[in-house]
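First comes the structure, then the notes that go with it.
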Amino acid sequence: MPKTKSHNPKKKKRIRKKQSRPRLGLYLLAGLASVFLMWILIREPMPAPTDIEPETPKTADRKTEQETPKKKPEMVAADPKIVEDSPIVRIIHEETPKPGEGKLDLSIRKAATSIGVPENALKRRSTDDLVKYTIPVDRSQMDLTYANMIFKGNLEQTGATMLKGQDSQSKQVLSFYHSDVPKKYELELYYDSKYYKDKNVPKKISIVVDDFGAIGGSLLDGFLSLDDAVCFAIFPDEVNSQSTMHRATRQGRETLIHVPMEPIGYPSVNPGKNAVLVQHGEAQIVKMLDGFIADLPDAIGINNHMGSLATTDADIMQVVMNTLKKHNKAFLDSRTTNVSVAYQTAQKSHIRAFRNDLFLDSPNISQSTMDAKLNQIIQMSASNKHIIAITHCHNEDKLDYLKSFISRLKKAGFSLVPLSEHGSHEVPEIL
């Protein structure tokens, strides 16, 4: 028995040795296969991407130099498919300054290109302590205030600080300073259409019809039969407000909320119920507008009914724009007064802003008025790429007047387009 006990442990040890060898071999083979596969993958070239996506600056620079054929600067400027903020364009801007220019000059040129200023229109003068640019702005493309914000945003991205700004009806002057640049920079923005005469300017017009909400029946049906590019501005809290919005939406028609606002001469001049008054506090205005938007959610924004006093009050308008921005809604300044600050306040609040150019049915709807208004629109189209006009839906006569007006506009070569298309292809985003 003792021999048997001493013999068995040895036998078990031999069996364990034989079993361990094949397992070790499998592990080694698997490891070698993994290393080989990893080597194959690493050396295999990856297919080139069809689209260049945003990358970190270092990766973008390397990819641009190695994978993208270099283009001459003039080719990039002439290629509408190349995005201004793409890595390709950014590198070309940085690498091709003109003699005597620096990063502020490149930023100014980039902003000018983004708003369509022709290269020969951008004038630069330099003295011992000042670099001055004169920049003509196409009035039909944008307001001076908006152009101001484009240049300011671009320059501030380089680290420049705005020292002061001067504003007049047809000119704005902006002064900038940068700690790394010995000279101050001055930009003079002004309206001048002569540099844009050679552009093929399509004639577009958007028409907004005010005062829906109360009308119904055949009169409403008649207006709904108009071209669906015509926008309806609907009073809140009227008997047909929501049904008009729903019917317009089903047609693909845009709508606005027609918000009553305080006129000069209030209360003798009555804007109607639920009006925004200058005596209202912020909370009251916000609650009112929140309610209007909740009731008419399909509306792309609002425009003012009357408001010749309210739209001149910067504080009241700022509350309005802050509320619209919260809901991602636009603002159309009906311009019931020439001193309205509503449009500029909307632009400074970075919301979509539109401005009425003329009322089609004022002072009346006579043939002579139609002739005069049509002539005015044709004259405006020489410098305005996109005109906005307002009329009203009070009765059948105004419906017939508008039908005739639209017919004559189309014969004159105008395209009727939705309000939201105003400036959608020409105006760059504010930084």
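Quick note: the coordinates plus some simple rules give every number you see, no bench work behind them. Only a predicted model underlies this, so the values are computations on that prediction, with no experimental measurement involved. A quick note on method: Cβ atoms are made from the backbone with ideal geometry, for glycine too, and the neighbour counts reach across all protein chains shown.
If the segment from Asp237 to Asp221 were pulled out straight at 0.36 nm per residue, it would be longer than the present Cα-Cα gap by 3.8 nm. Other residues with beta-carbon under 10 Å from the beta-carbon of Arg247 carry, at +1 per Lys or Arg and -1 per Asp or Glu, a net charge of +1.
Residue by residue, region 280-295 carries 3J(HN,Hα) couplings of 5, x, 4, 4, 5, 5, 4, 4, 5, 5, 4, x, 4, 5, 5, 6 Hz when phi is fed to the Karplus relation 6.51 cos²θ - 1.76 cosθ + 1.60 (θ = phi - 60°); x denotes Gly or Pro.
Within 10 Å of each candidate Cβ there may be at most 14 other Cβ atoms; applying that plus a DSSP loop requirement, which trypsin sites (Lys or Arg not before Pro) in region 224-298 survive?
Lys273
If I histogram all Cα-Cα distances within region 294-430 using bins 10 Å wide from 0, what percent of pairs lands in each bin? All Cα pairs considered, the percentages come to 11, 37, 35, 17, 1. The phi torsions of region 153-170, fed into the Karplus equation with coefficients 6.51, -1.76 and 1.60 and a -60° offset, translate into couplings of x, 5, 5, 5, 5, 7, x, 6, 10, 7, 8, 6, x, 10, 10, 9, 5, 10 Hz, rounded to whole numbers, with Gly and Pro shown as x. Per-residue Cβ neighbour counts within 10 Å put Thr255, Thr127 in the sequence Thr127, Thr255, beginning with the fewest.
With the simple model of a label 7 Å out from the Cα in the direction of the Cβ, Ala314 to Asn120 spans 4.0 nm. At Glu396 and Arg247, where each label point lies 7 Å from the Cα along Cα→Cβ, what is the point-to-point distance in nanometres? My value for the distance between the label points is 1.6 nm.
Rounded to 0.05, the FRET efficiency of the Lys403 and Glu282 pair, given R0 = 45 Å and the Cβ-Cβ distance, is 0.60. The residues packed around Pro260, meaning those with a beta-carbon under 12 Å from its beta-carbon, carry a net charge of -4 if Lys and Arg are +1 and Asp and Glu are -1. Taking label positions 7 Å along the Cα-Cβ direction at both Asp228 and Ser415, the computed distance is 1.8 nm, reported to one decimal. The calculated FRET efficiency for Ile264 paired with Lys184, based on their beta-carbon distance and R0 = 51 Å, is about 0.75.
Counted by Cβ distance under 15 Å from Glu238, the other residues give a net charge of -2, where Lys and Arg count +1 and Asp and Glu count -1. Under Stokes-Einstein, with the Kirkwood radius over Cα pairs as Rh, the value for region 204-420 at 10 °C and 1.306 mPa s is 91 µm²/s. Charges were assigned to the Cβ only: +1 to each Lys and Arg, -1 to each Asp and Glu. The resulting dipole of region 270-352 about its Cα centre is roughly 160 debye. When the pairs Lys123/Lys197; Lys197/Lys410; Lys123/Lys329; Lys123/Lys164; Lys204/Lys398; Lys110/Lys184 are compared against a 28 Å limit on Cα-Cα distance, Lys123/Lys329 fall above it.
For the pair Lys98 and Asp129 in one chain, pulling the backbone fully straight at 0.36 nm per residue adds 9.3 nm over the alpha carbon distance.
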